[in-house]
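Peer 1: Take this structure first; my questions come after.
The values are calculated or read from the model by the stated rules, or taken from the named source; none is laboratory data. Remember, predicted model here, so these are calculated numbers, not experimental data. In this analysis, Cβ positions are derived from the backbone assuming ideal geometry, glycine residues included, and neighbour counts consider all displayed protein chains.
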Amino acid sequence: MPLFAELVSPERLVFSGEVESVVLPAVDGDMTILPGHQPLVTLLNPGFLFATDTEGRARRAFVLGGLVEVTGSTVTILADRVTALEELTHELLDKEILQLTMTRDAAADPAARLQADIAIARLEEFMASLKQ
């Protein structure tokens, strides 16, 4: 039995449909959600979200934080911002890293600084993989 997943950003409904699994960048580490998963609500770190639809196609996106609610048959991802992996160019990555660096440097809250550091590291890692 597949999961029903929704990925929502403030701007739009990014994805809605049945999936076999979802891998999330949760605050406690990357987590895989499969059908029948225990209900939970967790925060997202900035990072990459991967979902496999019922036809075996990969759906991938970079999320800049957010909230996830899981029930036994539904995964609802409310992301602060979403960018499809296919849309991440070197220019866009550089711009995003610069924005995150400025946000981190302006933040007084250690948790906000840590979240920005995590996002920067993940984006730099992804950018390095594009150069190969």
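Peer 1: State which residue pairs qualify: first residue within 19 Å of Asp30 (Cα to Cα) and inside region 97-118, second residue surrounded by 11 or more Cβ atoms within 10 Å (Cβ to Cβ) and among the aliphatic types (A, V, I, L, M) in any location, beta carbons under 7 Å apart, and separation of 6 or more residues or different chains.
Peer 2: Ala116/Leu100; Ala116/Ala107
Peer 1: Considering every residue within region 81-96, establish whether at least one is at pLDDT 90 or above, surrounded by 13 or more Cβ atoms within 10 Å (Cβ to Cβ) and in a strand (DSSP E or B).
Peer 2: Yes; the residues of region 81-96 include at least one that is at pLDDT 90 or above, surrounded by 13 or more Cβ atoms within 10 Å (Cβ to Cβ) and in a strand (DSSP E or B).
Peer 1: For Thr52, only one of the following conditions fails: (1) over 21 Å from Val27 (Cβ atoms); (2) surrounded by 15 or more Cβ atoms within 10 Å (Cβ to Cβ); (3) of a type outside the set (Gly, Ala, Ser); (4) over 17 Å from the mean Cα position of the chain (by Cα). What is its number?
Peer 2: Going through the list (1) over 21 Å from Val27 (Cβ atoms); (2) surrounded by 15 or more Cβ atoms within 10 Å (Cβ to Cβ); (3) of a type outside the set (Gly, Ala, Ser); (4) over 17 Å from the mean Cα position of the chain (by Cα), Thr52 breaks only (4).
Peer 1: For Asn45, all conditions in the list (1) farther than 24 Å from Glu6 by Cβ; (2) within 13 Å of the chain's Cα centre (by Cα) hold save one; what is the number of the exception?
Peer 2: Exception for Asn45: condition (1).
Peer 1: Now a separate question. On the given criteria, is Leu78 in contact with a strand residue (DSSP E or B) (Cβ under 9 Å, 6 or more places away or on another chain) and within 19 Å of Ser16 (Cα to Cα)?
Peer 2: Judged against the criteria, Leu78 is a match.
Peer 1: If you don't mind, there's one more thing I want to ask. For region 28-43, give me the residue count where each residue is of a type outside the set (Gly, Ala, Ser) and either in contact with a Pro (Cβ under 6 Å, 6 or more places away or on another chain) or farther than 14 Å from Glu69 by Cβ (or both).
Peer 2: Matching residues across region 28-43 total 5.
Peer 1: So, one more: Any idea which residue in region 107-132 is farthest from Leu43 (Cα to Cα), counting only those that are of a type in the set (A, V, I, L, M, F, W, C) and touching a strand residue (DSSP E or B) at 6+ places or on another chain (Cβ under 9 Å)?
Peer 2: Phe126
Peer 1: Ok, one more. For region 21-76, which residues satisfy the criterion of being closer than 22 Å to Ile97 by Cβ, of a type outside the set (A, V, I, L, M) and touching a Gly at 6+ places or on another chain (Cβ under 8 Å)?
Peer 2: Passing the criteria: Pro25, Asp30, Asn45, Pro46, Phe62.
Peer 1: Residues that are surrounded by 14 or more Cβ atoms within 10 Å (Cβ to Cβ) and either among the aromatic types (Phe, Trp, Tyr) or within 20 Å of Ala128 (Cβ to Cβ) (or both): does region 29-44 have at least one?
Peer 2: no
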